[in-house]
Amino acid sequence: MKLCIINGPNLNLLGKREPEIYGSTTFNGFFSELKNKYPDLNLSYFQSNSEGEIVSQLQEVGFGADGIILNAGAYTHTSVAIADAVSAISSPVIEVHISNVYARETFRHHSYLSAVAKGCIIGLGLDGYRLAIDYFLRNQ
Ligand code: DQA
């Protein structure tokens, strides 16, 4: 089974970015844990701070992957282009947010992605990525 994690802007700073909100674990460290936990999974990880690169990556993997786990960061709240890419591809996309965006500023309460995603996992920390993997594994 092929699953792809795509992270958007500033998520490369996990571990040192506002640790009181996002925790103190780096994504690379967490990704290694995921690889160890799911050795039989073809699991890839892509991060970009650029909207267009996220669109291109969705197009690249979105017709072959069995599932995509997308945390588009701040583009969640602004990007029609990423929402259109999610609609355009055939792989199902789960939207993940580490923090509970509904408990934060109101500009974080709207997502362009939620309506076109298969589902959303919000506010459960990095565990959200693992829960999304488990969903895809149970619903192959
Ligand atoms: C985030 C929430 C977004 O509002 C924010 O811009 C991020 C991270 C999260 O995972 O909680 O960069 O997507």
Subject >> Residue count, the range 24-49 (criterion: over 12 Å from TYR129 (Cβ atoms), hydroxyl-bearing (Ser, Thr, Tyr) and touching a residue at least 12 places away in the same chain (Cβ under 8 Å)) >> reply: 3
**OP:** Go through (1) within 22 Å of ARG130 (Cβ to Cβ); (2) surrounded by 14 or more Cβ atoms within 10 Å (Cβ to Cβ); (3) touching a Ser or Thr at 6+ places or on another chain (Cβ under 7 Å) one by one and return the number of the condition ILE21 breaks.
**Re:** (2)
**OP:** Among the numbered conditions (1) within 13 Å of the ligand (Cβ to nearest atom); (2) out of contact with any helix residue (DSSP H, G or I) (no Cβ under 9 Å at 6 or more places or on another chain); (3) closer than 22 Å to ASN139 by Cβ, tell me where LEU113 comes up short.
**Re:** (2)
Original post:
If you scan the range 24-72, which residues turn out to be open to solvent by less than 40 Å² (accessible area, probe 1.4 Å) and in a loop (DSSP other than H, G, I, E, B)?
Top reply: TYR38, LEU41, SER48, GLY62, ALA65, ALA72
**OP:** Check the range 4-12 and report whether any residue there is open to solvent by 40 Å² or more (accessible area, probe 1.4 Å) and not in a loop (DSSP other than H, G, I, E, B).
**Re:** yes
Original post:
If you scan the range 10-48, which residues turn out to be within 26 Å of ASP66 (Cβ to Cβ) and within 14 Å of the ligand (Cβ to nearest atom)?
Top reply: LEU11, ASN12, LEU14, THR25, PHE27, PHE30, GLN47, SER48
Original post:
For the range 78-99, how many residues are within 16 Å of the ligand (Cβ to nearest atom) and under 14 Å from the mean Cα position of the chain (by Cα)?
Top reply: 10
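The values are calculated or read from the model by the stated rules, or taken from the named source; none is laboratory data. Since the structure is predicted, the reported quantities are computational estimates derived from the model, not experimental observations. Using ideal geometry, Cβ is built from the backbone for each residue, glycine included, and neighbour counts are taken over all protein chains shown. What goes into the accessible areas is simple: the full protein's heavy atoms, side chains included, and nothing from ligands, DNA or RNA. Shrake-Rupley method; radii C 1.70, N 1.55, O 1.52, S 1.80 Å.
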